[in-house]
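The structure under discussion appears below in the form of structure tokens.
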């Protein structure tokens, strides 16, 4: 296939082509669902699929790369090509996407001289290594090599962030130096300043927006009158944060009208075609006046639901696209089966305090340091110390916090501190009592100038106005729960609960945790993600590939204490909005 840009047109094999694309993130969807998603993409009338690449998933540890299983972008592109879909790849290195740290790896924060998304030498060395490895996976699938990848993006929405044109040009030259010889593009907001700060010569400038096509292309028309008009992210929904009053939705009719307006104008990529799930600890956060961590679901009110079901929005958009293609659309595949497995008891328990040394080795510190300093990026971290004297109604003050801290005297919960609230707690204690601060990282900021905030306690802890010295610190990545011993020990609120359930048939399902308050869930060693009673999300999506015929293990870490019997329930319908 030959793909090029000539004047205002995209040209495929010598003929103009209208790009009708949908966003599908391979890392948010299980590999056994990719074919089904591609078939539904084709049945809606799309001829292209777009995906971001998550640097922090491919290089979880510095210099160690992973492109296996759900991270096999080469297989993802190959399968798309076999279905007849063109592909657009957006490698970053920054992607935003409501993804942890905008796709950047946590470990780059360990260097105090690091400055992201600019010509900082240390940052360049890191992303050069990443692009070397990632583009080696993508290069065989370029259209110029007989594949289906027609375009790649340099950076992402840079016009919202900074103005280092040397950096953008370095990225562009780096793509070319690595053999990426298909068209390159940028995508930015719609104002003139967004576009001018984010675009560079020689790259197609595309826009991101969700409505008002003519208005949003006004500046682009002035700056690039003879360029193709493409909305690279035509937003069809929005994301949810913990504590939102409702699950964000948008009108199917309104979105279909915007798609129609854009296709009259040019080309589009629907963001999202399917949102998928922020499994594990991968959800990001926004941080403006307040810190707002995103929920586990990335349903996004997209054309396909989180679990891949066809929606009203899908059908409305399909009717619009029919007007712009000269062939009959394929039949829409059936939705995947769902199953309600019922209630599962979790009778086995072990407390967090008796589990600390099973899950971690303590590191002695004069004062508490941020999570990153102890060599972990995700999960929890416990700071433990012995008090030197009696205290009566004194204040404990944290200099900074990322993001939530539970304060314990011995095993009694005294207070919970949150980044958006006061970082002071009051307590009384005796000499020799144990003070423990259990901190949770709820997701790094994925957009804006506050992205480099550290997690855990990134500063001193004052007790009664004085710096307290002498701490044993337990990093808790929570990826080694096989070390737990469920002996019933521990009556504390923060605890692990375990149960088993047998099934004869594996299907997608959804997990309800009505009696639990806050934490995360692991099934058969796979971290489904976080839950929190404040909502809006109620159920966690459980893909069938996580399950197995016969006995299945479920472990729930509950940080705040249960409100009834320790049991969970598998249902066949998602609940993304908590009743209020």
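Run lengths n ≥ 4 of DSSP H only: what is the helix-derived mean residue ellipticity at 222 nm for the chain, with -39500 (n - 2.57) per run over all residues, to the nearest 500?
-5000 deg cm²/dmol
For Cα pairs less than 8 Å apart in space and 6+ apart in sequence, what is the mean separation divided by the residue count of the stretch 451-541, i.e. the relative contact order in percent?
Averaging sequence separation for qualifying contacts and normalising by length gives 17 percent for the stretch 451-541.
Need one number: % antiparallel among DSSP beta bridges in the chain, to the nearest 5.
75 percent
Which angle from 0 to 90°, rounded to the nearest 10, does the C-alpha axis of helix 34-44 make with the longest principal axis of the chain?
40 degrees
Is the C-alpha gyration tensor of the stretch 438-478 telling us rounded, prolate or oblate? Criteria: a/c under 1.5 is rounded; beyond that, a/b larger than b/c is prolate, otherwise oblate.
In terms of gyration-tensor shape, oblate.
Pulled fully out, how much extra length does the chain show between residue 118 and residue 222, if you take 0.36 nm times their separation in residues and subtract their Cα-Cα distance?
34.7 nm
Helix 165-177 sits at what angle to the longest principal axis of the chain, using alpha carbons and giving 0 to 90 degrees rounded to 10?
Around 70 degrees separate the two axes.
Once you have a ≥ b ≥ c as the square roots of the Cα gyration tensor eigenvalues for the stretch 1-104, tell me rounded if a/c is under 1.5, and otherwise prolate or oblate according to whether a/b is larger than b/c.
prolate
Sorting 178, 466 on the 10 Å Cβ count, fewest up front, what's the list?
With the fewest neighbours first, 178, 466 line up as 466, 178.
Can you say what percent of the DSSP beta bridges in the stretch 3-324, counting only those with both residues inside, are antiparallel? Round to 5.
Rounded to the nearest five, the antiparallel share is 30 percent.
If neighbour count is taken as other Cβ atoms inside 10 Å, put 100, 372, 440 in order from fewest to most.
If I rank by nearby Cβ atoms, fewest first, I get 372, 440, 100.
Do you know the relative contact order of the stretch 367-469, to the nearest whole percent, from alpha carbon pairs under 8 angstrom that are 6+ apart?
42 percent
Taking every eigenvalue of the Cα gyration tensor of the stretch 3-324, multiplying by 5 and rooting it, what semi-axes result, largest first, whole Å?
Ellipsoid semi-axes (Å, largest first): 26, 23, 21.
Shape call for the chain from the C-alpha gyration tensor, a ≥ b ≥ c root eigenvalues: rounded (a/c under 1.5), prolate (a/b greater than b/c) or oblate?
Prolate, since a/c reaches 1.5 and a/b exceeds b/c.
Given 0.36 nm per residue, what is the gain on full extension from residue 400 to residue 500 after removing their alpha carbon distance, in nm?
Gain in length upon complete extension: 32.0 nm.
Using label points projected 7 Å from each Cα along Cα→Cβ, tell me how many nm separate residue 573 and residue 192, to one decimal.
About 5.3 nm separates the two model spin labels.
When the label point is put 7 Å from the Cα of residue 367 along its Cα-to-beta-carbon vector, which residues of the stretch 393-424 have a backbone N closer than 17 Å?
Only 396-402, 423-424 pass the distance filter.
Given a cut-off of under 8 Å on Cα pairs at least six residues apart, what relative contact order in percent is computed for the chain?
Relative contact order of the chain: 14 percent.
I need the calculated FRET efficiency for the pair residue 64 and residue 32, taking r as the beta carbon distance and R₀ as 25 Å, to the nearest 0.05.
0.45
Compute the acute angle (0 to 90°) between the alpha-carbon long axis of helix 121-138 and the principal axis of greatest extent of the alpha-carbon atoms of the chain; round to the nearest 10°.
60 degrees
Give the calculated FRET efficiency between residue 580 and residue 289 to the nearest 0.05, with a Förster radius of 22 Å applied to their Cβ-Cβ distance.
0.45
For residue 211 and residue 428 in the same chain, what is the full-extension length gain: residue separation times 0.36 nm, less their Cα-Cα distance, in nm?
Full extension from residue 211 to residue 428 adds 72.5 nm.
Sorted from largest down, give the three principal axis spans of the alpha carbons of the stretch 338-465, whole angstrom values.
Sorted largest first, the three principal extents are 57, 43, 28 Å.
Just want the ordering: 268, 203, from fewest to most Cβ atoms lying within 10 Å of their own Cβ.
Taking fewest neighbouring Cβ atoms as first place, the list is 203, 268.
Of the listed peptides 525-537, 422-434, what is their order by residue-averaged count of other C-beta atoms within 10 Å, with the highest listed first?
Going by the mean number of other Cβ atoms within 10 Å, highest first, we get 525-537, 422-434.
The numbers here are math on the coordinates, done by the rules we state, and not lab data. Bear in mind the structure is a predicted one, so any value in this text is a computation, not a measurement. Virtual Cβ from ideal backbone geometry, glycine too; neighbours counted across all protein chains shown.
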